[in-house]
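Single-structure report; data block below.
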Amino acid sequence: NGDGNEGEHSWKERLAAFTGNFLEWYDFSVYGYFSDVIGSVFFPEEKNKVSRLALSFTVFGAAFFSRPIGSILIGRLGDKYGTKVAIEISILLMGFSSFAV
């Protein structure tokens, strides 16, 4: 970007950022690919295959569109209380959500 700050991040930080981003998008890709199976498993009461698929994609869409909302809320917490608190809250919320399923 021309401001001379390109070298501030180490290769480990860049690798960690790349890995996290890759895994996140891999997760979304796998969910999208298996949405038919996920719909059948989590919405078995729906007899219509299209309805199950639509419900599965609704959950997928809710997760996809809630990311910006979460980033605004957690970002504000990070600005007010520091990034450590924001990351801890984020990890706790993700962990709780994972175990709730």
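Read the figures in this text as sums done on the coordinates, not as results from a lab. Keep in mind that this is a model prediction, so the values were computed, not measured. Here Cβ is always computed from backbone atoms with ideal geometry, including for glycine, and neighbour counts include all displayed protein chains.
With kT/(6 pi eta Rh) evaluated at 4 °C and eta = 1.567 mPa s, and Rh the Kirkwood radius from Cα pairs, the chain diffuses with a coefficient of 79 µm²/s according to Stokes-Einstein. Under the simplified labelling scheme, the residue 85-residue 51 pair shows an inter-label distance of 4.6 nm, with each label point 7 Å from Cα along Cα→Cβ.
For the chain, the residue among 96, 54, 34 whose Cα projects farthest onto the positive side of the dipole built from Cβ charges is 54. By the helix-only formula, in which each DSSP H run with n ≥ 4 contributes -39500 (n - 2.57) and the sum is divided by residues, the chain has a 222 nm mean residue ellipticity of -28000 deg cm²/dmol.
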